[in-house]
Amino acid sequence: MQKLIFLILFLTFISSIGYSQRWKKIRYELIYGIGATNFYGDLGGGNGKAKHNFTDLDLSTTRPALFVAMRYRITQRVATKFNVIYGNIKGNDGNSTSNRTGRNLSFKSMIVESSCQVEYSLTKEKTGRRYSFTSSGKIRFDGINTYLFAGIGGVYYNPKAQYIDQKWYALQPLGTEGQGLPGAKAKYSKIAACVPIGVGMKYSYNRKMNFGMEFGYRLTTTDYMDDVSDLYYDNNAIKAAKGDVAAYFADPREGTPVPNGTKWRGNPKTKDGYMFILFNLSMKIRVGRNGLPKF
């Protein structure tokens, strides 16, 4: 009898060890999906004074996004993820009922983000068919894993605006705030660092597949994603140096252009940001004997 009890305890112990180590065999995940993005900066936004936060949101400027990613689980609670995300951002002063309407600026830009994130799961991820939709005929909420994430990366952007000839012009080469002219700043870079932060959830459909949703905000090191940051520059000087198109985008308001140094075109004390809502499907990839993903 004692031998039987010992055998049962031994088999239970071995089984628990095997189960606890199962995640190491599927620690890689290939992720892809779609979503939406929105912009927070000097240009456009909601009603009232520009606030550079979630309350300053213009839903009409929401644009689509696509992404792919690879996740690697370091432990059962901690994972790293490498993202490549393509999206679009847009802003239009005409959509706001605040004093930004009179500024009459607008822009759009593609964005390409590459970032590395660290995820911390609030609960250990559960795997196995018993957590599937199909196992009991109803959704089992104990298969949901919620995680927080933060990281660092880079983003490429290229703000453009539409001229009266209906053509779209890249704004950075035009120097709409006098960039490159006497007394003004140098041209800004179209690449900036970004810091992703946010929260995500994923549901284990079965041992190989997860469905997920992620909400994240991106802090950036630039104030020029919308080409708006600083003071108005002398529009006559911009017109003489860059032409009519540059002068129009520098100050498209009706009436006499504002002289250099008397009015703010944007707010250089704050940086631009953007957010993503992403819906994804992730496929778990088994590892080989060398510890690398086995495709």
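Okay, here's what the table says:
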| item | result |
| --- | --- |
| Amide hydrogen neighbours beyond the local backbone of Y274, cut-off 5 Å, H modeled | Y40, R218 |
| Protein-only accessible surface order, largest first, of F211, F107 at 1.4 Å | F211, F107 |
| Heavy atoms of D56 accessible to a 1.4 Å probe, total area in Å² rounded to 10 | 10 Å² |
| For the stretch 64-114, with +1 on Lys and Arg beta carbons and -1 on Asp and Glu, the positive-most of I74, N104, G94 along the dipole | I74 |
| Heavy-atom accessible area order for K284, K208, K242, largest first, 1.4 Å probe | K208, K242, K284 |
| Residue-count net charge about G183 - beta-carbon cut-off 13 Å; Lys, Arg +1, Asp, Glu -1 | -2 |
| Sites R77 and T221 - FRET efficiency at Förster radius 35 Å, r taken between beta-carbons, to 0.05 | 0.70 |
| 3J(HN,Hα) from dihedral phi, the stretch 145-151, Karplus parametrisation 6.51/-1.76/1.60, rounded to Hz, x for glycine, proline | 10, 10, 9, 9, 9, 8, x |
| For the stretch 203-219, Karplus couplings with θ = phi - 60° (6.51, -1.76, 1.60), whole Hz, Gly/Pro x | 10, 6, 5, 7, 5, 10, 9, 10, 9, x, 9, 9, 10, x, 10, 10, 7 |
| Amide H within-cut-off set for D58, under 5 Å, with H built and near neighbours excluded | G45, G46 |
| FRET E, pair C116, L59, Förster distance 35 Å, beta-carbon r, rounded to 0.05 | 0.70 |
| Under Karplus coefficients 6.51, -1.76 and 1.60, residue-wise ³J(HN,Hα) of the stretch 166-181 in Hz, glycine/proline x | 6, 8, 9, 10, 5, 8, 4, x, 7, x, 5, 10, x, 3, x, 8 |
| Shape of the stretch 141-194, Cα gyration tensor, a/c cut at 1.5 | oblate |
| Full-extension gain in nm, N88 to Y32, via 0.36 nm per residue minus C-alpha separation | 18.4 nm |
| Potential extension, K263-Y163 segment - 0.36 nm per residue separation minus Cα distance | 33.7 nm |
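The values are calculated or read from the model by the stated rules, or taken from the named source; none is laboratory data. Since the structure is predicted, the reported quantities are computational estimates derived from the model, not experimental observations. Using ideal geometry, Cβ is built from the backbone for each residue, glycine included, and neighbour counts are taken over all protein chains shown. The accessibility values were calculated without ligands, DNA or RNA, using every heavy atom of the protein model including side chains. Shrake-Rupley method; radii C 1.70, N 1.55, O 1.52, S 1.80 Å.
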